[in-house]
Amino acid sequence: MNIRLAKPEDLPSIQATNLQNLPENYLMKFWMYHILSWPQISFVAEDPKGRIVGYVLAKIDDDATDESKTDLENGKVYGHVNSISVLRSYRRLGLARKLMILSQEAMSTIYKASFVSLHVRKSNKPAIALYRDSLGFRVAKVEHKYYGDGEDALSMRLDLPT
Ligand SMILES: CC(C)(COP(=O)(O)OP(=O)(O)OC[C@H]1O[C@@H](n2cnc3c(N)ncnc32)[C@H](O)[C@@H]1OP(=O)(O)O)[C@@H](O)C(=O)NCCC(=O)NCCS
């Protein structure tokens, strides 16, 4: 299994993987915007035949004037993981953990991000275990009815080395 930076030509495969794995799906321009704006923090996992079996898509945020954010967040550069998934038959091989660590390292070293944030469904036990138990994220807050179907999100956060 090979893990490498995501490229624009990977986007159709990334989108197909997303459709198979998650109810939150996005238009191609959303994926393209991320890869072109922050090309060093999104990664893919590919099998020996070069097929994409997992991805992490992330962005950098530095909006110092967003009133919906806390004082702590304002003025800080931080990373945000928008989407991550691994095809079912490739799970529990450590791929998501590796994808996350590579993205986190790039956020920290290239963009000097001070933390990384993400949202996860309250019921998504595998993903919560990945973030909390394996990577050390904590729950920053619960966002009620965050998802389109009314489910709450856990807003999770991990401080990055400065
Ligand atoms: C969540 C997801 C990305 C994890 O991918 P993965 O490649 O299987 O995860 P990893 O193999 O890197 O797991 C690393 C650690 O996370 C935890 N973990 C991952 N899946 C788990 C599960 N099903 N149950 C319990 N713990 C789990 C474990 O601590 C695991 O370490 P271990 O295997 O040594 O016990 C994958 O299940 C997935 O694609 N799910 C559907 C999409 C999704 O929910 N994405 C997250 C949206 S917020």
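Rule-based calculations on the coordinates, nothing more; no lab input. What you see is a predicted model; the values in this text were computed from it and never measured. Counting neighbours? That spans all protein chains shown, and the Cβs are built from the backbone with ideal geometry, glycine included.
Miscellaneous remarks
- Under Karplus coefficients 6.51, -1.76 and 1.60, residue-wise ³J(HN,Hα) of the range 122-131 in Hz, glycine/proline x: 4, 8, 8, 4, x, 5, 5, 5, 4, 5
- Here the label points at Gln20 and Asn82, each 7 Å from Cα along the C-beta direction, are separated by 2.1 nm in the simple model.
- Length added when fully stretched, Arg138-Leu27, from 0.36 nm per residue minus Cα-Cα: 37.0 nm
- Normalised per residue, the volume of the convex hull around the Cα set of the chain (Å³): 115
- Assigned charges on the beta-carbon of Lys, Arg, Asp, Glu; the chain dipole about Cα centre (debye): 680
- Ranking of Tyr55, Tyr131 by neighbouring Cβ atoms within 10 Å, starting from the fewest: Tyr131, Tyr55.
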